[in-house]
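What follows is calculated from the coordinates using simple rules that are stated; it is not laboratory data. Bear in mind the structure is a predicted one, so any value in this text is a computation, not a measurement. Reconstructed Cβ throughout: ideal geometry from the backbone, glycine too, with neighbour counts over all protein chains shown.
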Amino acid sequence: MLGAGVSLLQKTFGRLSRFVPPSQILILTNARYNDLVLEQLPQIDASQVVAEPAMRNTAPCILYAALKIRKMNPDAVMVVAPSDHWIEDEAAFEADVLQSFEACSKAPVLCTLGIQPSFPNTGFGYIEYNPEEQDKEGLKKVQQFREKPDYETARDFIRQGNFLWNAGIFMWSASAIVEAFKSCQPTQYSLFEKGLEAFNTPKEALFIEENYPKAENISIDYAILEQSDSVFVLPAGFDWNDLGTWGSLFDKMEKDPSGNAIVQGGILMDGCKGNTIRLPKGKIAILEGLSDYIVVDSGKALLILPKAREQDIKQWVSRVREEFGEDYI
């Protein structure tokens, strides 16, 4: 979509390979994408794909991976990096992660990268930090994580000056995050700890198939970061864009003279401006008088939503799943 010549997964793998040996990068994904990941990254071994048999959000898969990594190397530090991010200054990204690694190597802290807000975005969570307290290799102590705000609240956050966008990029030692689960999520920890002997052996797949679906569906933010008092944030030194949203993709895409970003499909328009449009290949849409909308046709489902309401997309996706089933997503 952005003309990079590689997929976002390949781009992320390459970015991490700058400072992490490729053989030490694990790809956490749903089991249904196992073959696709191996097709995209032919240089990795099949054992590097950590496949989830069920969707359980970020906390269970991070604990699973951390236990595997700690078993390989009790002193390991790790970075959790989503693959739908667009980062142009990869050298600055590397420097920020390595700076955080230094802090993680010296103390059992949990580190995250925060993005300096450029406008009052309502689609991102925010990190509030204490501007007076700074240590751990220049990182700032996190006061609290704030949910996606409304516009006025987001504008107030920016006025205060001690808020950063939550990029969802985390660094910690494998031991520190495992101990955090042991303290904050004892039930979750106990579930996975039972499989420790099987991890990194042929017995692992069977244990995960039987036990992973029992894990609580919860994000790492709720499970650990909002409960821990050892979380630090480093204001990132690179530009960042979360391409997990249509609005953020719009910011990076080429536009026509009226400011419309057309991802795919044939479009005839009159009086339309500022829209993001994605259609199936070979499909044509006729639009008139539409401004600042997201129009996405998956072939089975059609979404037409004001860009200002983009945060509602996840709710609509959930409703489609409930009423019509997974086949429509």
Where a ≥ b ≥ c are the square roots of the eigenvalues of the C-alpha gyration tensor, would you call region 84-152 rounded, which needs a/c under 1.5, or, failing that, prolate if a/b is larger than b/c, or oblate?
oblate
Measure nothing but the geometry: give the 0 to 90° angle between the long axis through the Cα atoms of 174-184 and the longest principal axis through the Cα atoms of the chain, rounded to 10°.
90
Tell me whether region 52-126 comes out rounded, prolate or oblate; compute the Cα gyration tensor, take square roots of the eigenvalues as a ≥ b ≥ c, and use a/c under 1.5 as the rounded threshold.
oblate
From fewest to most C-beta neighbours within 10 Å, the residues VAL6, VAL97, VAL77, VAL296 line up as VAL6, VAL296, VAL77, VAL97
Compute the Kirkwood hydrodynamic radius of region 255-328, taking the inverse of the mean of 1/r over all pairs of distinct Cα atoms, and give it in Å to one decimal.
13.0
Do the sum for the chain: with -39,500 (n - 2.57) for every DSSP H run of n ≥ 4, divided by all residues, what is the mean residue ellipticity at 222 nm, to the nearest 500 deg cm²/dmol?
-9500 deg cm²/dmol
Whole Å is fine, so just give me how far the alpha carbon centre of region 179-194 lies from that of region 58-80.
13
Protection-proxy order for peptides 160-166, 64-70, 28-34, 172-178, each taking the mean of Cβ atoms within 10 Å per residue, highest first
172-178, 64-70, 160-166, 28-34
Flagged links, alpha-carbon separation over 26 Å, of LYS71/LYS141; LYS11/LYS283; LYS106/LYS140:
LYS71/LYS141; LYS11/LYS283
